[in-house]
Each structure stands twice: as structure tokens, then as C-alpha cells.
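Single-structure report; data block below.
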Amino acid sequence: MATRRLGAKKLRVLPGFKLTLGFTLFYLGLIVLIPLSAVFIKTSTLTWAQFSHTVFSPQALAAYRLSFGAAFFAAVVNAIFGLIVAWVLVRYNFLGKKLVDALVDLPFALPTAVAGITLATLYSPNGWIGGLLAPLGIKVAYTQLGIFVALTFIGLPFIVRTVQPVLEDFDPELEDAASSLGANRWQVFWRVIFPTLTPALLTGFALAFARALGEYGSVVFISSNIPMKTQIVPLLIMNELDGFQYAKATALAVVMLVISFLILLAVNVLQWWSNRYNTNNLA
Amino acid sequence: MSAAEKTNVPHRRTEPPFVRWLLIGIALAFIALFLVVPLVSVFAEGLRQGLGFYFQTLRDPLTVSAIKLTLIAAGIAVPLNCIFGVAAAWAIAKFDFRGKNILLTLIDLPFSISPVISGLIYVLVFGAQGWFGSWFSDHNIKIIFAVPGIVLATIFVTFPFVARELIPLMQAQGRTEEEAARVLGASGWQTFWRVTIPNIKWGLLYGVILCNARAMGEFGAVSVVSGHIQGQTNTIPLHVQILYESDNFAGAFAVASLLTFLALVTLVLKTWVEYKHDALRGTAFTPVPIVKNISEKL
């Protein structure tokens, strides 16, 4: 590797480095970096009092609480069921397995607005599912429970898709070793397989959580968007935008961006951890 | 795993049948509840007022203009992001330079940003009170609440798709084939078209399929910059919203069924490309940072 790198540098037989890197940086700057910097520059023109008045208002605090709470519970549910789906897809054979495998990506492929109106209709008191729950006194659409349902839907693929490859690569000889040393099936799973899956599971969890925090399209229809009750942060930002309160919307956006970047950082650390974990296993 | 290996340890690598069927049952119930039922209900609700109403909604001039605008936005965003993806992958995979990891993280950035904020940033730059807003309005160019804003927002949300498929692929393929072609006398373009493109064609197609699905379906970001002018700045997802909010539920679901059909076609094409090129499996949509996918090779 080292010698080839050295050789490539000396020779530079391949053309186009300046052209492609130049275009990449130009396009990245134009489409992503300059517009994104506008959020921070616009916010820096606010005084601290103006900023804190917006981002710590009771309405904003209630929105953070709901956003974090609903995203967290949706990610927990997805972690549990996503692990089971991934396990079943890797380990067992059953009719329609390939179809289920392909279908898992539906929440990524289906436009969020479609998911939104569909879930709102299904879970409304006279919808297919809402109609079954209404006699039990459970209201889903237009409540916080509805937001949780929408966020569970959009987060579904993340854990399946992060756990699946790790489970496929798992060396079955480790299981044989454990069971020949007397571990029962549950012990093999809990003490041998599960620890290997943990970094992937946490990565999937963080990705699903991050996606749910920013989600707008699938929630806007199933939420009644009542401040303090069923308003998540993206809906609050949208409300401020509709009222042309750009400074307020931007201040809230900065808070959300900082939180997303922190989650991104956490995902990077988790990936590094899982890489190290896998190398240790091989050694 | 060979058959002999399997028979050596008949019971230990799997669970008792009862547990197996229970887990399969739970998984299928979860998938049915969250994926199959919503999928079926889109078409059922769309056809609720009959086939006549369904096709009448799809032929409505406002629906047609929404379809046209969506095709324009995707038709601009996908090729641009494709060129960007190839250029970025060429620079990153074929050359050594400092700051690669930072560049990779920045390319992935649009994935971790809320759609609402993705729209907001363009309002801040091009809106009436934005940085360049007054310059553009002096020259009679409308960006926000007009088609250019919709195109920009679409480019932003689909920015990483092609790049993040091609970078790991080209990184894994290395540089030797291109270097050999050059040494044998091929020009730069010949090398690119005859060696690189055949090598990356499946990855490129994969990225385009995913990029296009998101471009045609984007809602939040486009909603912020659109202004919702029927017949002018309405894309298909925004048209669905307008129909739904005006209580024309069957109409909203009829138009939504178009997007659902697009999603199903995307899944079929995606599965087909994965079948053709196994290395791509599992890379779709999942925003695991590309930095880490290729970190060992850097």
C-alpha cells in the first residue's frame, strides 16, 4: 500500500484531479455550505436575549420534550422489532422472505406526505385501525400517540439495515464453541451474539432517532399541531415560517442543527467502536 | 456452510421450532401492521369513489401540472447530482489528499438535516429579506415561492445519494485498471469512458434510482420554498397535501397512489440492481456515514 501510494504520487498517471476536486468543492459550497452558513450568520445577528427568548420559550421547550420523547420511544420500539426482523431474515427460512426483505425499505422509498395522509386516515377514529381502537378508548390520530406511530413507521428500516449485515457476517463457530462449552441457546444469544450486535444496534437506534427528530411530512397530517400538546420542533419551525417569523425559525433551526451534528458525531464514534470490535473478533 | 458442518451440530445453531415460529410471527405481524396495511390502504382509499373518479383526478389539469413540475425538478436535480457524484468519487478514490474525511462528512451532511431546515436555508439566502433577495428582485428573478427554489431544495435533499454509492465502490476498485489504461496510451477521457464507467455502471444506476425516488417524493423542504400556488409551484406531494386539506380524500389518495407506485417501482429496481451487483446490498438510503464504510482503505 505504502509503495503504491508513493508511486502514484510520483507518476500521477491519472488526470483530472484539479478539475474533479475543484468542481466537488465548488458544488458543495454553492449547494450546501453557503446556504447552511446562512442559518448561523442570521442567528448571530440576534442578541442573546432575543435568541433565548425564542429557543427557551415554553412552546419551544414543550416541542423539544415531545420531539425527543416520541423519537426516543419510536426508536426503542424499532430497536426491539427491528432486531427480531433482522434476526428472522438472516437466520430462518419462510415463505415470502425475499418480499419482506425488499419491503423493509418502503419507509425510505415512500414519500413522507403519502405516509402522513395514509397513517392519519388509518388511525383516525373511523379508519381501519383507529376504528378497532376507538371502542377501547384509545385515540391515536391527532394525539401524541399518533406522532409516535408516524415516527415508528419512518424509522423502521434503520435498525434492520444496520443489524442485518453484522448478523450475516457473524462467525457461527463462535456459537458452536459456546454451546460445546455448555451454554444453552439463550446464553449463546445473550452472551455471545448480542454483544457483537450492540454497536450496530446502537448505530441504528441513533440514526432512527436522528431521522425522527427532523421528520416533518409524515407527522404533519397525523398531528393536530396544537402548541404545547402535539407540536414537534419541525412543525413549530414551519409555523414560524408561515408567520414570516424568520429570526425565530432560524434560532430554532440552529438548536436542531447542533443536536443533529452531535448525534452524527455519536454515530461516527459508534462506527469506530464497531469496527474495532469486529477486528478484535477476527484476531 | 457445508451440509456436513450442519449435521455435526444439529440443534445448537438454531432455536426450538416454537421459538422460531413465534419470532417469525412477531416479525411478520410488525411488517404487516406498519408496512402492508398502509400500502394496501393507499390504493383502497384512492379507489373509494370508483375508477372513473380516480382517472378523472389524475387527468385534472392541476394534477398534470404538478406531475410536470415534479419531473422538471427531478430532471434537473438527478443529472446535476450525478455529475457531482462521479466527480467527487473520482477525486476521492483516485487521488490522495489531506482532509478527505472532512470532505466525506460534508458530503453526507444534507442527510442529517431536517427537511424543514433544508428549505429554510434557501429562504435565508434567496428570500425577499435574504442575502441576495434584493439583487434578484431588482433583476425580476423569483427564486423563493417559484420553480428555481423548488429545484434548489430538491438538489439539496438528494445531494449525497449518487456520491455515497460511488465513493466506496471506486475506492474498493482501486486505481490499477485506470493506471494501466493510461500507461498503454489511452487518453484521460478514453480511460474514464472505457474503463471506469463500465466498472461503476451498477453503482451509478443504483444511486440514480435512489436519488430520483427522493427527488420526486420530497415534501418538507419543497413545501417551505414553494408558496403552494396551484398549477404553478405545486409538486405531486404538495398537490396531495392540498387535496387532502380540502377534504378531497379520494382525490388525495388517487394522486398519492402515483407516488406509492413510484416507491414500489423503486424497490423493485433497487432489488434487481442488488441482485446484479451484490456489493451494493444494504447501502441504500441508510445514512451510515460513508467515512466509516471506507475508513480502513483510506
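The values are calculated or read from the model by the stated rules, or taken from the named source; none is laboratory data. Bear in mind the structure is a predicted one, so any value in this text is a computation, not a measurement. For neighbour counting, all protein chains shown are included, and Cβ atoms are generated from backbone atoms with ideal geometry for every residue, glycine included. Ligands, DNA and RNA are excluded from the accessible area calculation, which covers all protein heavy atoms including side chains. Shrake-Rupley method; radii C 1.70, N 1.55, O 1.52, S 1.80 Å.
The Rg/Rh ratio for region A:149-283, using Cα coordinates for both the radius of gyration and the Kirkwood hydrodynamic radius, is 1.16. The order of the peptides B:69-81, B:148-160, A:126-138, B:189-201 by mean Cβ neighbours within 10 Å, most packed first, is B:148-160, B:69-81, B:189-201, A:126-138. Since only B:THR14, B:PHE55, A:SER224 are under comparison, the one whose Cα sits farthest along the positive direction of the charge dipole of the protein assembly as shown, derived from C-beta charges on Lys, Arg, Asp and Glu, is B:THR14. For region B:47-169, the convex hull drawn through the C-alpha positions has a volume of 168 cubic angstrom per residue. Taking Cα centre as origin and charging only the Cβ of basic (Lys, Arg, +1) and acidic (Asp, Glu, -1) residues, the dipole magnitude of chain A rounds to 780 debye. Dipole magnitude for region B:173-221: about 60 debye, using +1 per Lys or Arg Cβ and -1 per Asp or Glu Cβ, origin at the Cα centre. For region A:118-167, the fraction of 1.4 Å probe accessible surface lying on carbon and sulfur atoms is 68 percent. In the context of the full set of protein chains, residues of region A:212-262 present 31 Å² of accessible surface per residue (probe radius 1.4 Å, heavy atoms only). Each of the peptides B:220-230, A:52-62 was scored by the mean count of other Cβ atoms within 10 Å over its residues; in descending order, highest first, they stand as B:220-230, A:52-62. Here B:GLU245 sits with roughly 120 square angstrom of accessible surface, probe radius 1.4 Å. Per-atom-type breakdown for region B:42-177 gives carbon and sulfur 65% of the accessible area (1.4 Å probe, protein chains only). In this assembly, the B-A interface accounts for approximately 9100 Å² of buried accessible surface in total, computed with a 1.4 Å probe and without ligands, DNA or RNA. When you restrict to C-alpha pairs under 8 Å that are six or more residues apart and normalise by the size of chain A, the relative contact order lands at 27 percent. Per residue, region B:81-196 exposes 38 Å² of solvent-accessible protein surface, assessed with a 1.4 angstrom probe and all protein chains in place. Surface analysis of region A:1-120 yields an accessible area of 49 Å² per residue, using protein heavy atoms and a 1.4 Å probe.
If you take all C-alpha pairs in the protein assembly as shown, what percent of them are over 37 Å apart? So the pairs more than 37 Å apart make up 36 percent of the total in the protein assembly as shown.
Expressed as a whole percent, the accessible surface of region A:16-111 that belongs to carbon and sulfur atoms is 76, based on a 1.4 Å probe. Rounded to the nearest whole angstrom, the semi-axes of the ellipsoid equivalent to chain B, taken from the Cα gyration tensor as √(5λ), stand at 37, 33, 17, largest first.
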